[in-house]
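Colleague: Handing you this structure, nothing more for now.
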Amino acid sequence: MVSRFLIGAGAVLSPLLVSASPSAKRGLIFIPNSTTLQDNSIWVQTGSDISWYYNYGNLPSSDYASIPQSRFEFVPMMWGVGPNPSQDTAFHDSIVNLINTGTPISHVLAFNEPDAPSAWGGSDVTPANAALAWIANFVPLQNLGVKLGLPAVTGASSGFDWTQQFLANCTNILKTQCPYDFIPLHWYDNLGGLESHIGQYAAAFPGKKIWVTEYAYANQDLPTTQQFFNQSASYMDGLSYLERYSYFGAFRSDVSNVGPNATFLNNAGRLPDIGSCILDWPDWRDSYIWLDA
């Protein structure tokens, strides 16, 4: 589990060959920054292999608001739950407004790591309150054709337990099966663990699509990090029921909280191998660099 806020650690990355193939499944976890604004345009350059993004919020990021959904799809998220979970419909209303004003939202995400405390970056929501907020905000969106992603719990065993409790609460309130369309997952450990984690949810929820909306092998040396990225991308690209994935690393190495080797950009804003491969720009590995304004 990783906080949504970035805290410091720094090092310059050196190139190491990886060979992940292009994939329409790849997305961007967009974390705005106020110091290197030029980095934000890297992910939408012509030829980028990234087709969708989310930003932990309910509205498109200003950097990308003018880009059509057909080219770079924004997926809204209701990050947490307020004090009136059954009455607060602000998220639902904002999505309806986006749709009515020309932004065709097709998928939504819910509650970032609700099984984790806020001190660890989680939204810290009880399954009972999450069920109330889900019914108020998400169930009506499904009636509009929007596909619903379950709350994105941590990779800990407590996350699976939380999900089961949430679904039981929701089903009990509705008196019918709680509706959802896909299952977002988070993972920050090795490849074997990622495969097992995905397999656990695939077995528990047969027929449902899976998204991996945060993942990395945190705080590892460079060869281990690069190998994990390459192998995990190939693995997820090969799973028919795994619909999308987004690696946690779209920032510079000096502001990384998953270790300096796990990022798309080095301290100078240059694309090391992970960054160039997630974009499918292998030829840019040694030449692409932004100069700070």
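Colleague: Restricting attention to the range 42-72, and to residues there that are closer than 25 Å to V139 by Cα and in contact (Cβ under 8 Å) with a residue 60 or more places away in the chain, which single residue is farthest from the chain's Cα centre (by Cα)?
Modeller: It comes out as W52.
Colleague: Residues to consider are A133, A119; find the one that is modelled with pLDDT under 95 and farther than 14 Å from N58 by Cα.
Modeller: Sole residue among the options that is modelled with pLDDT under 95 and farther than 14 Å from N58 by Cα: A119.
Colleague: Within the range 212-226, take every residue that is surrounded by fewer than 18 Cβ atoms within 10 Å (Cβ to Cβ) and assigned to a helix (DSSP H, G or I) and give me the one that is nearest to the chain's Cα centre (by Cα).
Modeller: So, considering only residues that are surrounded by fewer than 18 Cβ atoms within 10 Å (Cβ to Cβ) and assigned to a helix (DSSP H, G or I), the one nearest to the chain's Cα centre (by Cα) is T224.
Colleague: Being under 19 Å from S123 (Cβ atoms) and among the polar types (S, T, N, Q) is the filter; apply it to the range 151-182 and report the residue that is nearest to the chain's Cα centre (by Cα).
Modeller: It comes out as T154.
Colleague: Related question: When you go through (1) closer than 23 Å to P140 by Cβ; (2) at pLDDT below 95 one by one for V255, which number turns out not to apply?
Modeller: (1)
Colleague: Return the only residue of L185, L148 being of a type in the set (A, V, I, L, M, F, W, C), assigned to a strand (DSSP E or B), farther than 17 Å from S246 by Cβ and under 19 Å from the mean Cα position of the chain (by Cα).
Modeller: L148
One line per residue, one yes/no per condition, for (1) at pLDDT below 95; (2) closer than 26 Å to G122 by Cα; (3) part of a loop (DSSP other than H, G, I, E, B); (4) aliphatic (A, V, I, L, M):
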position	(1), (2), (3), (4)
S23	yes, no, yes, no
N33	yes, yes, yes, no
Q38	yes, no, no, no
T46	yes, no, yes, no
S61	no, yes, yes, no
R71	yes, no, yes, no
V81	no, yes, yes, yes
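Colleague: Which residue out of N230, N261, N219 is over 25 Å from Y56 (Cβ atoms) and in contact (Cβ under 8 Å) with a residue 40 or more places away in the chain?
Modeller: Working: N261 fails: over 25 Å from Y56 (Cβ atoms); N219 fails: over 25 Å from Y56 (Cβ atoms).
Sole residue among the options that is over 25 Å from Y56 (Cβ atoms) and in contact (Cβ under 8 Å) with a residue 40 or more places away in the chain: N230.
Colleague: Could you run through the range 99-120 and say how many residues are under 25 Å from S158 (Cβ atoms) and surrounded by fewer than 18 Cβ atoms within 10 Å (Cβ to Cβ)? If you could, list the steps in order and put the result at the bottom.
Modeller: Going residue by residue through the range 99-120, those that are under 25 Å from S158 (Cβ atoms) are 108-120.
When the remaining residues are screened for being surrounded by fewer than 18 Cβ atoms within 10 Å (Cβ to Cβ), the result is 117-120.
Of the residues in the range 99-120, 4 are under 25 Å from S158 (Cβ atoms) and surrounded by fewer than 18 Cβ atoms within 10 Å (Cβ to Cβ).
Colleague: So F229 clears everything in (1) more than 18 Å from L109 (Cα to Cα); (2) part of a loop (DSSP other than H, G, I, E, B); (3) under 18 Å from the mean Cα position of the chain (by Cα) except one condition, right? Which one?
Modeller: Unmet for F229, out of (1) more than 18 Å from L109 (Cα to Cα); (2) part of a loop (DSSP other than H, G, I, E, B); (3) under 18 Å from the mean Cα position of the chain (by Cα): (2).
Colleague: If you don't mind, another one. Exactly one of these conditions fails for D88: (1) of a type in the set (D, E); (2) buried (at least 16 other Cβ atoms within 10 Å of the Cβ); (3) assigned to a helix (DSSP H, G or I). Give me its number.
Modeller: Result: D88 passes all but (3).
Colleague: Could you check the range 91-133 and list, in sequence order, the residues that are assigned to a helix (DSSP H, G or I), closer than 22 Å to Q164 by Cα and out of contact with any Cys (no Cβ under 6 Å at 6 or more places or on another chain)? Walk me through how you get there before you give the answer.
Modeller: Of all residues in the range 91-133, those assigned to a helix (DSSP H, G or I) come to 91-100, 118-120, 127-133.
Subsequent filtering for residues that are closer than 22 Å to Q164 by Cα retains 118, 120, 127-133.
Within the range 91-133, S118, W120, P127, A128, N129, A130, L132, A133 qualify.
Colleague: Which one of these is of a type outside the set (S, T, N, Q), surrounded by 14 or more Cβ atoms within 10 Å (Cβ to Cβ) and within 18 Å of the chain's Cα centre (by Cα): V125, V96, V139, V75?
Modeller: Exactly one of V125, V96, V139, V75 is of a type outside the set (S, T, N, Q), surrounded by 14 or more Cβ atoms within 10 Å (Cβ to Cβ) and within 18 Å of the chain's Cα centre (by Cα), namely V75.
Colleague: Among the numbered criteria (1) assigned to a helix (DSSP H, G or I); (2) buried (at least 17 other Cβ atoms within 10 Å of the Cβ); (3) at pLDDT below 75, which one does A250 miss?
Modeller: (1)
The values are calculated or read from the model by the stated rules, or taken from the named source; none is laboratory data. Just so it is clear, the structure is predicted and the values come from calculations on it, not from any experiment. FYI the Cβ positions are ideal-geometry reconstructions off the backbone, even for glycines, and counts take in every protein chain you see.
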